[in-house]
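First the structure, in the form of structure tokens, and then the observations on it.
The values are calculated or read from the model by the stated rules, or taken from the named source; none is laboratory data. Computed from a prediction, not measured in an experiment: that's the story for all the values here. We place every Cβ from the backbone using ideal geometry, glycine too, and count neighbours over all the protein chains shown.
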């Protein structure tokens, strides 16, 4: 761009150009300022969106269907040197008095003493077995025929036992320990090492005087004639108090251990306080962005913005309304101590909720509070229980009818032949194997001995359930009319019992080819006479995701086949609590495709983009006009300069003529 300094004409041409362009520049500045205002609003809306996301996270904590904060339990013990404990949401509140009779411990067996760890031992084989694990045979030869060599061979065998050499007054001794506690994991050793000869000693394992007996944990509940005692293979006891797991640390039958289970009121109160704080932070932020300061006559960026007011009103309506279908004593926030204060802020009287959760308010329970916040369902049939739903599951004014056409079934096989009155197992007929729920037990060995029919069923169940390959999958075994029956604990098509080869099959009455697969529950949900499809998996019946009403609705059907009539078996009424309702609303607002903020942000961005185009046009016109004016002024300066040059020449010529 050429510069013009006005030296020829003496005119301040730059000032004239700036003045001529001022109108155009003012128009562009006005558009830029308006664009900045819109960007500010866009940023504020983004902050509101973030705070709504935080509020939704707090609502999700209160609205959980599973592991809801109002279902949490605390457990305390009078003497934590005896045990520690954890409690699940299914644990019943109460005070339980126990005595830890014994701790579970692993069996330990030792040999006689020899001179040292390198003392020579005799050669041969040693067969090891821990509990129901398959026997493992190790060979002792010229490469490992010392006490330490025997320890290394045992440790490398993977037999479920470990070995170490210890030193006492009698010399070096080999101690063999079961890797697991409990009587079911006792050690069995078949010693086929050669007799002592020359300088080599045959290790003898002293089972009559064990270093430590195999022992189960034993705990007694109560002290009266009806006291209940349970045992456990480990020091974790979960079959005494429902929903409570004890971790035993010490045994002292003379001491009473008091276990107190209570609802975790502190967790519930904190969750509500966090929710209130999050809501108040959002309300305060919106109030600040929509305020007007009369003193300074200054308006906040969103003053008069109808969209933000609409969003705020929707959220208020979502949390302050009553929940239909919930106890009238706990169907709104005010019932638990939450009220609306000045400026629309929420106030929380935590002592009121604490009293309810601790059972201090008549007619209101912690479960009522849970239903105030969460999605829940009540059924007319105890064999049909609500499990969960989602934001797509509709809580209707009418109940869902649950139509069951097939009950869930377990895999079950029955022996072809009955057991004898007494079953005798020896090493010739005590192996067994099966596939349970898709997992192989591997080769199993039943303990040798004589069994009644019920004892035989118990032994087979014990051995199968202890199989390492099952990873927690279990079966029940019973003698029904003398015939063994194996039933998987699982339900549905994943439930499987498939027998394989084994020397015990004939003795137990099995052919070795028996197999069975369970059945999934089948049925539909019916709304106002219209059936909606459901998918069965085990005992769980789930509404298809595309269903109009029952999408994602899950119920657990525990009805046995004999109680299924092939029609409507019960009705399920859903209630959507405040937190679940708010989560649904906020989820719609925050949806990344169809949510409110997507539309608002697009409107802002469209206006910003349009204004940018206007700014760009104004700038182009400004640049063109400036270039044109500068060109004109340059031409003027050049013309004046030429005139001045001509005048100077003419003046010079006239002066010359005058001189003549």
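What are the pairs with Cβ atoms under 8 angstrom where one residue, in the range 292-316, is in contact (Cβ under 8 Å) with a residue 12 or more places away in the chain and in the same structural domain as residue 281 (by TED's automatic domain parsing) and the other, located anywhere, is surrounded by 11 or more Cβ atoms within 10 Å (Cβ to Cβ) and assigned to a strand (DSSP E or B)? Sequence gap at least six, or different chains.
Pairs found: 300/292; 303/292.
Determine which single condition residue 397 fails, assuming it passes every other condition in (1) in the same structural domain as residue 539 (by TED's automatic domain parsing); (2) out of contact with any strand residue (DSSP E or B) (no Cβ under 7 Å at 6 or more places or on another chain); (3) under 30 Å from residue 491 (Cα atoms).
Result: residue 397 passes all but (3).
Could you please find all residues in the range 581-608 being over 20 Å from residue 302 (Cα atoms) and part of a helix (DSSP H, G or I)?
581, 582, 583, 584, 585, 586, 587, 588 - these are the residues of the range 581-608 that are over 20 Å from residue 302 (Cα atoms) and part of a helix (DSSP H, G or I).
Look at the range 444-455 and say how many of its residues are in a loop (DSSP other than H, G, I, E, B) and touching a strand residue (DSSP E or B) at 6+ places or on another chain (Cβ under 6 Å).
2
Would you check if there is a residue in the range 225-239 being closer than 19 Å to residue 163 by Cβ and at pLDDT 95 or above? Explain how you work it out, then say what you get.
Here is the first cut: in the range 225-239, the residues closer than 19 Å to residue 163 by Cβ are none.
No, the range 225-239 contains no residue that is closer than 19 Å to residue 163 by Cβ and at pLDDT 95 or above.
Just the residues that are touching a residue at least 60 places away in the same chain (Cβ under 8 Å) and within 21 Å of residue 262 (Cβ to Cβ), please, taken from the range 229-249. Spell out the reasoning first.
Start the filter on the range 229-249 by keeping residues that are touching a residue at least 60 places away in the same chain (Cβ under 8 Å), which leaves 229, 232-235, 240-249.
Across the range 229-249, the qualifying residues are 240, 241, 242, 243, 244, 245, 246, 247.
Could you check the range 142-187 and list, in sequence order, the residues that are under 20 Å from residue 446 (Cα atoms) and crowded, with 17+ Cβ neighbours inside 10 Å?
159, 160, 161, 178, 180, 181, 182, 184, 185, 186, 187
For the range 644-656, state whether one or more residues are farther than 30 Å from residue 34 by Cα and surrounded by 11 or more Cβ atoms within 10 Å (Cβ to Cβ).
Yes, some residue in the range 644-656 is farther than 30 Å from residue 34 by Cα and surrounded by 11 or more Cβ atoms within 10 Å (Cβ to Cβ).
Any residue at all in the range 585-602 that is in contact with a strand residue (DSSP E or B) (Cβ under 9 Å, 6 or more places away or on another chain) and under 30 Å from residue 336 (Cα atoms)?
No, every residue in the range 585-602 fails to be in contact with a strand residue (DSSP E or B) (Cβ under 9 Å, 6 or more places away or on another chain) and under 30 Å from residue 336 (Cα atoms).
Could you list all residues from the range 456-481 that are in contact (Cβ under 8 Å) with a residue 12 or more places away in the chain and part of a helix (DSSP H, G or I)?
Once the filter is applied, which keeps residues that are in contact (Cβ under 8 Å) with a residue 12 or more places away in the chain and part of a helix (DSSP H, G or I), the range 456-481 yields 456, 457, 458, 459, 460, 461, 462, 463, 464, 468, 469, 470.
Collect the residues in the range 385-412 that are farther than 21 Å from residue 327 by Cβ, surrounded by fewer than 22 Cβ atoms within 10 Å (Cβ to Cβ) and over 29 Å from the mean Cα position of the chain (by Cα), keeping them in residue-number order.
401, 403, 405, 406, 412
Condition (residue is more than 33 Å from the chain's Cα centre (by Cα), in a strand (DSSP E or B), in contact (Cβ under 8 Å) with a residue 60 or more places away in the chain and more than 30 Å from residue 204 (Cα to Cα)) applied to the range 83-99: is it met by at least one residue?
Yes - at least one qualifying residue is present in the range 83-99.
List the number of the failed condition for residue 566; all other conditions in (1) in the same structural domain as residue 54 (by TED's automatic domain parsing); (2) in contact with a strand residue (DSSP E or B) (Cβ under 8 Å, 6 or more places away or on another chain); (3) modelled with pLDDT under 90 hold.
Every condition holds for residue 566 apart from (1).
Out of 119, 148, 46, 162, report the one residue that is over 28 Å from the mean Cα position of the chain (by Cα) and assigned by TED's automatic domain parsing to the domain that holds residue 281.
Numbers: 119 fails: assigned by TED's automatic domain parsing to the domain that holds residue 281; 148 fails: assigned by TED's automatic domain parsing to the domain that holds residue 281; 162 fails: assigned by TED's automatic domain parsing to the domain that holds residue 281.
Answer to the selection: 46.
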